[in-house]
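> Structure in structure tokens, see below.
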Amino acid sequence: KLSTASKKNIEEFLALELRAKEIYMCMAAKAKSYEIEAMYKRLSKVEAEHANIACKLLKIEMPQAKSEACSDEDIENFKATIELEARAAGLYHKFAAEASEQPIKMMFTALAQAEEDHIKLLQGYLQ
């Protein structure tokens, strides 16, 4: 059984991951190269997997995500992605600290690390 705080945090996690999935699909569609398109498609797939984890924990069906807008420029999209991932990583560290359930604490810690790894990947493209 999830605590009220963990349930609320998992719902926020789900919303964030669904939004990120859609943003990355937009970015993939506007990417200037196959390599960047493939990277955004992979990121979108990872975010969809994270959303699926949230749905299983909440015992709900996957909600329909609404499409999201993005820039036509790769550099602007890289910067937006780093901001999105940094915000998620910070939230997930906070959610891990707030979790009273050890498995939820471990999940959010691992998710924060995954988001931080995404930032490192993107910073490589900006150099």
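The values are calculated or read from the model by the stated rules, or taken from the named source; none is laboratory data. All of these numbers come straight from a predicted model, not from anything done at the bench. Cβ sites come from the backbone with ideal geometry, for glycine too, and all protein chains shown count toward neighbours. Heads up: the accessible areas ignore ligands, DNA and RNA and are worked out on the full protein's heavy atoms, side chains in. Shrake-Rupley method; radii C 1.70, N 1.55, O 1.52, S 1.80 Å.
> Report the charge-dipole magnitude of region 61-121 in Debye, nearest 20, computed about the Cα centre from +1 at each Lys and Arg Cβ and -1 at each Asp and Glu Cβ.
That gives a dipole near 320 debye.
> Excluding the sites themselves, what is the longest stretch of the chain that contains no GluC sites (Glu not before Pro) in a DSSP loop with at most 16 other C-beta atoms within 10 Å?
With a cap of 16 other Cβ atoms within 10 Å, the longest stretch comes to 1-60.
> Can you give the local net charge around Arg42? Use residues other than it whose beta-carbon is closer than 13 angstrom to its beta-carbon, Lys and Arg +1, Asp and Glu -1.
Once positives and negatives cancel, what remains is -2.
> At 7 Å along Cα-to-Cβ for each site, give me the label-to-label distance between Glu35 and Lys1 in nm.
Inter-label distance under the simple model: 5.3 nm.
> Also: Report the Cys residues of the chain lacking a disulfide-compatible partner, meaning no second Cys Cβ under 4.7 Å from their Cβ.
For the chain, the answer is Cys55, because their Cβ atoms have no other cysteine Cβ under 4.7 Å.
> Now, a different point. Mind scanning Lys8/Lys79; Lys8/Lys45; Lys32/Lys66; Lys8/Lys30; Lys41/Lys94 and naming the pairs with a C-alpha gap bigger than 31 Å?
Checking Cα-Cα distances, Lys8/Lys30 exceed 31 Å.
> Which one, Cys70, Tyr40, Tyr92, projects farthest toward the positive side of the charge dipole computed for the chain from Cβ point charges (K/R +1, D/E -1)?
The residue sitting most towards the positive pole is Tyr92.
> Using unit Cβ charges (K, R positive; D, E negative) and no other charged atoms, how large, in debye to the nearest 20, is the dipole of the chain about its Cα centre?
460
> What accessible area per residue, rounded to a whole number of Å², is obtained for the chain using a probe radius of 1.4 Å?
Heavy-atom SASA per residue in the chain reads 56 Å².
> If I compute solvent accessible area with a 1.4 Å probe over the protein chains, what percent of it on the chain is carbon and sulfur?
Summing carbon and sulfur atoms, their accessible area is 58 percent of the total for the chain.
> Consider the candidate values (i) 40, 21, 12; (ii) 27, 16, 10; (iii) 34, 15, 10; state which one is semi-axes √(5λ) of the Cα gyration tensor in Å computed from the structure displayed.
Matching the structure shown: (ii).
> With springs only between Cα atoms under 10 Å apart, run a GNM on the chain and tell me which of Ala114, Ala89, Ala48 wobbles the most.
Ala114
> For an R0 of 35 angstrom, estimate the FRET efficiency from the Cβ-Cβ distance between Ala110 and Asp72 and round to the nearest 0.05.
So the FRET efficiency works out to roughly 0.55.
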